[in-house]
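The values are calculated or read from the model by the stated rules, or taken from the named source; none is laboratory data. As the structure is a computational prediction, the values presented were derived from the model and not from experiment. Positions of Cβ are generated from backbone atoms using ideal geometry, with glycine treated the same way; all protein chains shown enter the neighbour counts.
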Amino acid sequence: MWSNNLLVLEIICLLLIYASGNYLVVRELSVNLMDLVLNERRNIPFAFLFYLLTVAIPIGYLYFGIKTETWHVAREFDLDCVHRLHF
């Protein structure tokens with residue numbers, strides 16, 4: 001009953017984590033919310049951190065997603081093989 005709601009909540013949380021570290025989102029929110037004036041070539045403070053997070057978070061999502069999915073598929077395959085051997 002709650003699994004669909006928790007899945008939606010997990011997806012929303014992952015999107016918020018990505019958005020909070022995305023350079024473009026942080027730069028535009030800094031300009032709009034804090035009235036920060038930046039030229040086109042000027043960066044926000046700690047820009048290198050946000051550049052890194054913009055790249056690292058999707059790579060981490062892909063790595064852990066593939067690792068977790070592969071483990072589940074392998075486990076289901078093993079259980080299916082064991083089930084066929086016994087019956």
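Looking for whichever is at pLDDT 90 or above, surrounded by 10 or more Cβ atoms within 10 Å (Cβ to Cβ) and assigned to a helix (DSSP H, G or I) here; the options are L9, L29, L52, L24. Which one fits? Reasoning before the result, please.
Working: L9 fails: at pLDDT 90 or above; L29 fails: at pLDDT 90 or above; L24 fails: at pLDDT 90 or above.
Being at pLDDT 90 or above, surrounded by 10 or more Cβ atoms within 10 Å (Cβ to Cβ) and assigned to a helix (DSSP H, G or I) holds for just one of L9, L29, L52, L24, which is L52.
Looking at G60, G65, can you tell me which residue is under 14 Å from the mean Cα position of the chain (by Cα), exposed (fewer than 12 other Cβ atoms within 10 Å of the Cβ) and either of a type outside the set (A, V, I, L, M) or at pLDDT below 85 (or both)? Break it down into steps so the answer makes sense when it comes.
Values: G60 fails: exposed (fewer than 12 other Cβ atoms within 10 Å of the Cβ).
Answer to the check: G65.
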